[in-house]
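Participant: Below is the structure I would like to discuss, written out as structure tokens.
The values are calculated or read from the model by the stated rules, or taken from the named source; none is laboratory data. It should be emphasised that the depicted structure is a prediction, and the values quoted were computed from it without experimental measurement. Cβ sites come from the backbone with ideal geometry, for glycine too, and all protein chains shown count toward neighbours. What goes into the accessible areas is simple: the full protein's heavy atoms, side chains included, and nothing from ligands, DNA or RNA. Shrake-Rupley method; radii C 1.70, N 1.55, O 1.52, S 1.80 Å.
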Amino acid sequence: MARYIKAPRKVEEIQQDDAKVSESVRKTIKQIEEEGDQALRDLSVKFDNWDPETFRLSDEEIQEIISDIPQQTKADIKFAQRNIGNFAKEQKKALKDIEVETMPGVILGHKNIPVNSVGCYIPGGRYPMVASAHMSVLTAKVAGVDRVAACTPPINGEIPATTVYAMYMAGADEIYILGGIQAMAGMAIGTETIQSVDMIVGPGNAFVAEAKRQLFGRVGIDLLAGPTETLVIADETSEPEMIATDLLGQGEHGPTSPGALITTSEKAANDTIEEIDRQLQSLPTAEVAGKSWADYGQIILVDNEEEALSEADRLAFEHVEVLTRNPDYFLDHLTNYGALFLGPETNVAYGDKVIGTNHTLPTKGSAKYTGGLWAGKFIKTVTYQKITSEDQSAYIGEYAARLCQLENFSGHAEQAMLRVRKYGNNQIK
């Protein structure tokens, strides 16, 4: 039976924090709805000490900003974008338009149409998440989105040049230096200077994730990507140093980033606890990673792989690293996860930054019903139908009329009966 060696904070405490975030976001969105650009400016000054003449960068400003970026940095970004772009192109190939004649003269089909406009959020703050430009802007462009607006916050009153370069190289049509709720709401609602978009995407802190949740319906979203989550599945063959490194490496995202270890080995569990304590003595981001582990970290001891599988599916974490003797067992059987990392040779950081898969992934259990951001998220699969035979229209109409009448939809039935009278043998009057 599974048992906790280390448990996270109580769910009730986390829910109280979430409620406070929700109310703050609600008020901020209302302010932007009512005041437009002035609200964006007031919020930008309040939270980022940023008050430019305009939030959108001109082409000339972009070229000036990126002119001093080191060549190695540019090469590294191009390498990552090549990998991510290539994988997104392969994913898009999996989406096929179809057309089938289901009965003589009855043609059904579907088409895959890109969303017209998308707003991408690239987080900044403590960590300028350059890679999010590749994951959102580039993937949207590969999908065929015509207009992509991208927002990123200033950092300590400065424009994050490397992030701007990544957005530019990814193909952003508009680049705004704007952060947080005000960026998401500004793109979704629209203001005097920002044309609204049809969909908003990208990761962010709890406030950004909640803004997406509240704006969903007015615009589409990719998914609710909240604080990052990392699960390691281990056994007696796993290295505690590697387990600790990979958990703390993701815990540095923020103080509310959950980390978990599921293991069949009590020794591995205890050794990992010791290793985490040791690494926190020297890790530069220990203040953040240590708090995330203290408050949101958990270790679950299980009896066997089957129980590990059950517990992992129950957690449904964003990232799942499998460091066991037989990682493919989990590839074959695990169903609830955002992204899977199999074996010690790979890790979450590879997926976050460079290997080619997308790092915007489901959190808070949403991996139970959705995958992460990919080319297909920017594409609408829409259907069409066509009947080329009058006889078939009348034939189907007879069935349709009767089925509509079963549901008391007389107007629906009349649509069918009109065709029967027009194209058939006046069998229905």
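Participant: What is the dipole size for region 47-98, taken about its Cα centre, with +1 at each Lys and Arg Cβ and -1 at each Asp and Glu Cβ, in debye to the nearest 20?
Facilitator: 780 debye
Participant: While we're on this one: Once R0 is set to 35 Å, what does the formula 1/(1 + (r/R0)^6) return for the Cβ-Cβ distance between Tyr127 and Asp42, expressed as a FRET efficiency to the nearest 0.05?
Facilitator: So the FRET efficiency works out to roughly 0.85.
Participant: Looking at this model, which pairs from Lys20/Lys377; Lys27/Lys353; Lys74/Lys96; Lys89/Lys353 are more than 26 angstrom apart at the alpha-carbon?
Facilitator: Correct reply: Lys20/Lys377; Lys27/Lys353; Lys74/Lys96.
Participant: Per residue, what volume in Å³ does the convex hull of the Cα atoms of the chain enclose?
Facilitator: Values: hull volume 83.9 nm³, N = 429.
Taking the convex hull of the Cα positions in the chain, it is 196 Å³ per residue.
Participant: If you line up the long axis of helix 71-93 against the longest principal axis of the chain, both from Cα atoms, how many degrees apart are they, to the nearest 10?
Facilitator: Between the helix axis and the principal axis of the chain, the angle is about 30 degrees.
Participant: Highest first, please rank the peptides 49-55, 117-123, 188-194, 311-317 by the mean number of other Cβ atoms sitting within 10 Å of their residues.
Facilitator: Output ranking for 49-55, 117-123, 188-194, 311-317: 117-123, 311-317, 188-194, 49-55.
Participant: Related question: What does the highest-first list of 387-393, 404-410, 197-203 look like by mean Cβ count within 10 Å?
Facilitator: The most tightly packed comes first, giving 197-203, 387-393, 404-410.
Participant: Now for a different question. Calculate, for Asn326 and Leu95, the FRET efficiency according to 1/(1 + (r/R0)^6) with r their C-beta to C-beta distance and R0 30 Å; round to the nearest 0.05.
Facilitator: After rounding, the FRET efficiency stands at 0.35.
Participant: For Asn116 and Asp146 in the same chain, what is the full-extension length gain: residue separation times 0.36 nm, less their Cα-Cα distance, in nm?
Facilitator: Working: separation 30, 0.36 × 30 = 10.80 nm, distance 0.56 nm.
Result for the pair: 10.2 nm of gain on full extension.
Participant: Counting only Cα, what are the radius of gyration and maximum Cα-Cα distance Dmax of region 240-379, in Å?
Facilitator: For region 240-379, the Cα-based Rg and Dmax read 14.8, 48 Å.
Participant: Per residue, how big is the convex hull around the C-alpha atoms of region 166-209? Give it to me in cubic angstrom, could you? Mind showing how you got there, number by number?
Facilitator: On the way: hull volume 3.8 nm³, N = 44.
Hull volume normalised by residue count: 87 Å³.
Participant: While we're on this one: Placing +1 at every Lys and Arg Cβ and -1 at every Asp and Glu Cβ, with all other atoms neutral, what dipole size does region 95-155 have around its Cα centre, in debye to the nearest 20? Can you show the working numbers first?
Facilitator: Working: 5 positive and 4 negative charges, 74 e Å.
The calculation lands at about 360 debye.
Participant: Would you work out which of His412, Val354, His253 lies farthest towards the positive end of the dipole of the chain, given +1 charges on the beta-carbon of Lys and Arg and -1 on that of Asp and Glu, about the Cα centre?
Facilitator: The listed residue farthest towards the positive side: His412.
Participant: Considering Cα pairs under 8 angstrom that are at least six residues apart, work out the relative contact order of region 62-114 and quote it in whole percent. Could the numbers behind the result be given before it?
Facilitator: On the way: 20 pairs, mean separation 10.9, N = 53.
With pairs under 8 Å counted, the relative contact order is 21 percent.
Participant: Pull out the extension gain between Asn86 and Ser282, defined as 0.36 nm times the separation in residues minus the alpha carbon to alpha carbon distance; nm, one decimal.
Facilitator: 66.8 nm
Participant: Per residue, how much accessible area does the chain have with a 1.4 Å probe, in Å²?
Facilitator: So the chain comes to 49 Å² accessible per residue, rounded to a whole number.
Participant: Something else now. Report the one residue of Pro114, Val201, Met167 whose Cα lies farthest in the direction of the positive end of the charge dipole of the chain (charges on C-beta: Lys and Arg +1, Asp and Glu -1; origin at the Cα centre).
Facilitator: It is Pro114, whose Cα lies furthest towards the positive end.
Participant: Helix 240-251 versus the longest principal axis of the chain: what angle, 0 to 90°, nearest 10, using Cα atoms?
Facilitator: So the inclination is approximately 60 degrees.
Participant: At a 1.4 Å probe, what is the % contribution of carbon and sulfur to the accessible area of region 60-208?
Facilitator: Carbon and sulfur together cover 52 percent of it.
Participant: Now for a separate question. Could you rank Lys380, Lys20 by how accessible they are, 1.4 Å probe, largest area first?
Facilitator: I get Lys20, Lys380, largest accessible area first.
Participant: Expressed as a rounded percentage, what relative contact order does the chain have, with Cα pairs under 8 Å and six or more residues apart?
Facilitator: 19 percent
Participant: Expressed as a whole number of Å, what is the distance separating the alpha-carbon centroids of region 41-112 and region 127-168?
Facilitator: For region 127-168 versus region 41-112, the Cα centre distance is 8 Å.
Participant: Ok, one more. Which percent, to the nearest 5, of DSSP beta bridges fully inside the chain are antiparallel?
Facilitator: On the way: 19 of 52 bridges.
Beta bridges within the chain, antiparallel portion: roughly 35 percent.
Participant: What do you get for the angle between helix 410-423 and the principal long axis of the chain? Use alpha-carbon atoms, 0 to 90 degrees, nearest ten.
Facilitator: It works out to around 50 degrees.
Participant: Counting each pair of different Cα atoms once, what's the Kirkwood radius of region 1-128 in Å, rounded to one decimal?
Facilitator: Details: mean 1/r = 0.0464 Å⁻¹.
Every distinct Cα pair counted, the radius reaches 21.5 Å.
Participant: Using the basic label-point model (7 angstrom from Cα toward the beta carbon), what is the Thr237 to Leu418 distance in nanometres?
Facilitator: Distance between the two pseudo-spin positions: 6.8 nm.
Participant: Regarding region 125-252, what is the average projected area of its C-alpha convex hull, in nm²? Intermediate values should be presented prior to the final figure.
Facilitator: Numbers: hull surface 38.4 nm².
The directionally averaged projection comes out at 9.6 nm².
Participant: Right, here's the next one. Filter the GluC sites (Glu not before Pro) in region 193-249 to those in DSSP coil with at most 14 other Cβ atoms within 10 Å of their Cβ, and list the result.
Facilitator: Numbers: sites: Glu210, Glu229, Glu236, Glu241; in loops: Glu229, Glu236.
Hits after loop and neighbour filter: Glu236.
Participant: If you don't mind, there's one more thing I want to ask. For an R0 of 22 angstrom, estimate the FRET efficiency from the Cβ-Cβ distance between Glu64 and Thr193 and round to the nearest 0.05.
Facilitator: Numbers: r = 21 Å, r/R0 = 0.95.
Given R0 = 22 Å and the Cβ-Cβ separation, E is 0.60.
Participant: Okay, next question. Which value in nm describes the separation of the simple spin-label points at Lys30 and Arg56, placed 7 Å from the Cα toward the beta carbon?
Facilitator: About 3.0 nm separates the two model spin labels.
Participant: May I ask you to evaluate 6.51 cos²θ - 1.76 cosθ + 1.60, the Karplus curve with θ = phi - 60°, for each residue of region 390-398 and list the ³J(HN,Hα) values in order in whole Hz, giving x for glycine and proline?
Facilitator: So the J values, rounded to whole Hz, are 4, 4, 5, 4, 5, 5, 5, x, 4.
Participant: About its Cα centre, what dipole magnitude does the chain give when the only charges are +1 on Lys and Arg Cβ and -1 on Asp and Glu Cβ, stated in debye to the nearest 20?
Facilitator: Rounded to the nearest 20 debye, it is 1700 debye.
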